[in-house]
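Remarks on the structure that follows.
Read-outs: derived from the displayed coordinates by stated rules, not from any lab. The structure displayed is predicted, hence computed values, not measured ones. In this analysis, Cβ positions are derived from the backbone assuming ideal geometry, glycine residues included, and neighbour counts consider all displayed protein chains.
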Amino acid sequence: MRSFTLIVFSVAIAILGQLILKRGISQVTTGGPLLAEYIRMFTTPVILAGFVLFGTSALIWMKALQEVPISKAYPMVSLGYVIVLLASKTGFIVAQEEVPLIRWIGVVMICAGVILVGLSPGK
């Protein structure tokens, strides 16, 4: 149960980091020299917060991988697609987006795959 909690926590923090990065990058003005653009990106507090969340997620993920085979753990990461899609549709943290039916069908297929992996025998 502990390993499952670590995986879910890692994925949740990574998702939050991704959403915050999107919000931050939406605030950065584009144009001009590429180096100047990168400097603006990496000095934007919201973007830095997104990177901190990603780093934290990676640390938790490493601990989870000590306890769970990667072949079973990694498919759980795909649940991030589902949650990010829901967040983008509802406007949670990021601007609300239109999500076409084909994308919803793809997410249902991802969920089915994660369920099958979760039901597979073994550690």
*Using 0.36 nm per residue, how much length does the chain from Ile70 to Ile93 gain when fully extended, once their Cα-Cα distance is taken away?*
5.3 nm
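Please compute the contact order of the chain in relative form: average sequence separation of alpha-carbon pairs under 8 Å and at least six residues apart, divided by the residue count, as a percent.
Details: 117 pairs, mean separation 37.7, N = 123.
Relative contact order for the chain comes out at 31 percent.
I want the local charge near Ile83. Using Cβ-Cβ distances under 15 Å, sum +1 for each Lys or Arg and -1 for each Asp or Glu among the other residues.
Net charge around Ile83: +2.
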_Listed residues Gly113, Ala73, Val46: farthest to the positive end of the dipole of region 2-119 (Cβ charges)_ = Ala73
*About the Cα centre, charge dipole magnitude for region 2-119 (Lys/Arg +1, Asp/Glu -1 at Cβ), debye*: 160
*Mind checking which aspartates and glutamates have their Cα closer than 18 Å to the Cα of Lys22? Skip sequence neighbours fewer than 8 apart in that chain.*
Glu37, Glu97, Glu98
*For region 1-81, run through the trypsin sites (Lys or Arg not before Pro) and keep only the ones in DSSP coil with at most 15 other Cβ atoms within 10 Å of their Cβ.*
none
*Taking each pair of different alpha-carbon atoms in the chain once, compute 1/r for the pair, average those values, and report the inverse of that mean as the Kirkwood hydrodynamic radius in Å to one decimal.*
16.0
*Whole-Hz couplings from phi, Karplus 6.51/-1.76/1.60, listed for region 40-57; x for Gly and Pro*: 4, 4, 7, 10, 8, x, 5, 5, 4, 4, x, 5, 4, 5, 4, x, 4, 4
